[in-house]
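See structure below.
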Amino acid sequence: GQGSTLTREELVREGDPTNNVSDAIFTRLGMQLHNRPNHPLSILKNVIYSYFDERCPKMFNKFDNLSPIVSTKMNFDEVLVPADHVSRSYNDTYYIDQETVLRCHTSAHQAEMLRGGNTHFLVTGDVYRRDSIDATHYPVFHQMEGVRLFTRADWEAAGMDGIAMAEKDLKETLEGLAQRLFGSVEMRWVDTYFPFTDPSFELEIFFQGEWLEVLGCGVMEQQILVNCGRPDDKAWAFGLGLERLAMVLFDIPDIRLFWTDDERFTGQYPPCFKDISFWISDSFTENNLCEVVRAAAGDLAEEVKLIDEFTNKQGMTSHCYRIAYRSMDRSLTDEEINRIQEAVRKDVEGKLKVTLR
Ligand code: PHE
């Protein structure tokens, strides 16, 4: 699959007792559902990213393209999973060889991110588990991992102990996230166990008549920080399953639907990209640009994304946005797109007081 340099022959080796990857699993590698515009997993991922960006502007580094093929060291050892833990068994995890697995959780990336100097990060990706078959279980699903570090200066400024501060911030952050996703629902914290956090919690919300587990989290085990060269810091970590949340939020009745070619999931018709560059004015905001794009394109506007930004010696700042146009139910003609893009250019210049380049 894409995103791995291994061939099918290297990944699927029937009869090799150190390998239990099947063809069905191999075909899922590199599918990147969480990075497809319009796919419910990608929509949910972006809602969560926006929440963190609003809460802590420019703090969280995001990674959504890390290879799911990881060492047992990353997947287990570095997050302190005990030698005899069931998740290490060939019955629970897909092994490529004795020391290489398809990650069974995004926690596999905690240590490498910490060693890379990241202090606030979100990692989204496909994870793989051998499991039972029903409407909510599938051997490939998607998780998002979040980690935030605190330094002595942080907890001293707050007049708190480091662990207490990490726990308090963790709970406030995740309660805010649950509220963003589900509105004002009843929530409860349940004590639990994870090898990599202490204390450890699950957040549950009361939704449509039942308590639903939303995520697992906790204060990061200090040993992980010590091993990653951060002995003086404290941290929190959480991991959440995107399918589980998306099924509830978007009323998706069966987990297999995420993998179908249903146009609601893939965007069946091709997108068309147009770039627009201009010198911004002091009053320019991205939301104003988006209003202009919506006025001209209606629902044909799928995404407006800043792809380049720089300031020249005179202090003028240039932005380049890429606009994706796509219909949910038909192919668009070049003529139609060009007409819309012309209208966007005209309104951007006339209404937003910017100078087109
Ligand atoms: N990795 C855990 C899981 O897959 C979730 C988790 C992540 C819990 C980070 C605590 C901290 O269930």
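Residues of segment 27-64 that are of a type in the set (Lys, Arg), part of a loop (DSSP other than H, G, I, E, B) and over 16 Å from ALA246 (Cα atoms): ARG28, LYS58. Going through segment 69-106 one residue at a time, which ones are more than 14 Å from the ligand (Cβ to nearest atom) and assigned to a loop (DSSP other than H, G, I, E, B)? PRO82, ALA83, ASP84, SER89, TYR90, ASN91, TYR94, GLN98, GLU99 - these are the residues of segment 69-106 that are more than 14 Å from the ligand (Cβ to nearest atom) and assigned to a loop (DSSP other than H, G, I, E, B).
Is there a residue in segment 142-149 that is out of contact with any strand residue (DSSP E or B) (no Cβ under 6 Å at 6 or more places or on another chain) and either within 18 Å of MET220 (Cα to Cα) or crowded, with 17+ Cβ neighbours inside 10 Å (or both)? No, every residue in segment 142-149 fails to be out of contact with any strand residue (DSSP E or B) (no Cβ under 6 Å at 6 or more places or on another chain) and either within 18 Å of MET220 (Cα to Cα) or crowded, with 17+ Cβ neighbours inside 10 Å (or both). ARG180 meets all of the listed conditions (1) within 16 Å of the ligand (Cβ to nearest atom); (2) touching a residue at least 60 places away in the same chain (Cβ under 8 Å); (3) out of contact with any Leu (no Cβ under 9 Å at 6 or more places or on another chain) but one, namely (1).
Among the candidates PHE258, PHE206, the residue that is outside any loop (DSSP other than H, G, I, E, B) and under 23 Å from the mean Cα position of the chain (by Cα) is uniquely PHE258. Please work out which one of (1) free of Cβ contacts under 8 Å to residues at least 12 places away in the same chain; (2) within 27 Å of ASN38 (Cβ to Cβ); (3) more than 27 Å from the chain's Cα centre (by Cα) is the condition ALA295 fails and give its number. Failing condition for ALA295: (1). Return the residues of segment 315-337 that are modelled with pLDDT under 95 and of a type in the set (S, T, N, Q); say none if nothing qualifies. Within segment 315-337, SER327, SER331, THR333 qualify.
Selection of first residues in segment 210-232 that are free of Cβ contacts under 8 Å to residues at least 40 places away in the same chain and in a strand (DSSP E or B) and of second residues that are more than 16 Å from the ligand (Cβ to nearest atom) and of a type in the set (Lys, Arg), restricted to Cβ pairs under 8 Å at least 6 apart or on distinct chains, gives the following pairs, ordered by first then second residue: TRP211/ARG188. When segment 233-247 is limited to residues that are over 14 Å from ILE48 (Cβ atoms) and among the aliphatic types (A, V, I, L, M), the one that is nearest to the ligand (Cβ to nearest atom) turns out to be ALA237. Look at segment 192-209: where a residue is under 22 Å from LEU181 (Cα atoms) and a partner is among the basic types (Lys, Arg) and not in a strand (DSSP E or B), sitting 6+ places away or on another chain with Cβ atoms under 8 Å, you get PHE201/LYS171. Could you look through segment 221-247, keep only residues that are closer than 15 Å to GLN110 by Cα and of a type in the set (D, E, K, R), and pick out the one that is surrounded by the most Cβ atoms within 10 Å (Cβ to Cβ)? So the residue we want is LYS234. Determine if segment 148-168 includes at least one residue that is within 11 Å of the ligand (Cβ to nearest atom), modelled with pLDDT of 95 or more and either in a helix (DSSP H, G or I) or under 15 Å from GLN110 (Cα atoms) (or both). No, segment 148-168 contains no residue that is within 11 Å of the ligand (Cβ to nearest atom), modelled with pLDDT of 95 or more and either in a helix (DSSP H, G or I) or under 15 Å from GLN110 (Cα atoms) (or both). With respect to ILE276, is the statement that it is surrounded by 17 or more Cβ atoms within 10 Å (Cβ to Cβ) and at pLDDT below 95 true? No, not satisfied. Here LEU240 passes the criteria (1) at pLDDT 95 or above; (2) more than 24 Å from ASN38 (Cβ to Cβ) except the one numbered (2). Quickly run through segment 184-220 and pick out the residues that are within 11 Å of the ligand (Cβ to nearest atom) and hydroxyl-bearing (Ser, Thr, Tyr). Answer for segment 184-220, where residues must be within 11 Å of the ligand (Cβ to nearest atom) and hydroxyl-bearing (Ser, Thr, Tyr): THR192, TYR193, THR197, SER200.
The values are calculated or read from the model by the stated rules, or taken from the named source; none is laboratory data. Quick caveat: nothing in here was measured; it's all calculated off a predicted structure. In this analysis, Cβ positions are derived from the backbone assuming ideal geometry, glycine residues included, and neighbour counts consider all displayed protein chains.
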